[in-house]
1. With the condition being surrounded by 15 or more Cβ atoms within 10 Å (Cβ to Cβ) and either of a type in the set (D, E, K, R) or modelled with pLDDT of 55 or more (or both), I'd like the helices (runs of 4 or more DSSP H) fully within segment 1-111 carrying at least 3 qualifying residues.
2. If the Cβ limit is 6 Å and pairs must be 6+ apart or interchain, which residue in segment 6-28 that is closer than 12 Å to residue 58 by Cα pairs with which residue that is in a helix (DSSP H, G or I) and modelled with pLDDT under 90?
Amino acid sequence: MATTASTTKPTARERLLAAADELFYSEGVQTVGVDRVVQLAGVAKASLYNLFGSKDELVQAYLDARHANTRGSERANRGRRPGSHAAVTAATEFRFPGACRGVMRRDPVRASRYGDALDSTSG
């Protein structure tokens, strides 16, 4: 008896966004037309317009998805790289001996904010 796979086929919207991601990222939004996106996605052009309305709306959805993915990756990786602040401090001390100690001694609040900023942008 044959068994069916438990994975579901991606929706037309998901396939369009995946195709847009691949093409827009590698070739640029301006150079890729909707015909190439629908061809790669394997959906009808009418599906693209029913789901997104226009190429501009597809581009907006693509950018929103990339932004959400990037922010999700940053959140998931936060705290996974212990010592990232220490690594930057060590590199700064190597290049500019005493620079970090001077900031810490003169303005510990500023130094703390600097460390927080490094930690929030590393990833």
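The values are calculated or read from the model by the stated rules, or taken from the named source; none is laboratory data. Everything numeric here is computed off the predicted structure, so don't read it as measured data. FYI the Cβ positions are ideal-geometry reconstructions off the backbone, even for glycines, and counts take in every protein chain you see.
1. On the way: elements: 12-27, 34-41, 45-52, 55-77, 84-95, 99-106.
In segment 1-111, 12-27, 34-41, 45-52, 55-77, 84-95 are the helices (runs of 4 or more DSSP H) which contain 3 or more residues that are surrounded by 15 or more Cβ atoms within 10 Å (Cβ to Cβ) and either of a type in the set (D, E, K, R) or modelled with pLDDT of 55 or more (or both).
2. So the pair list comes out as 17/65.
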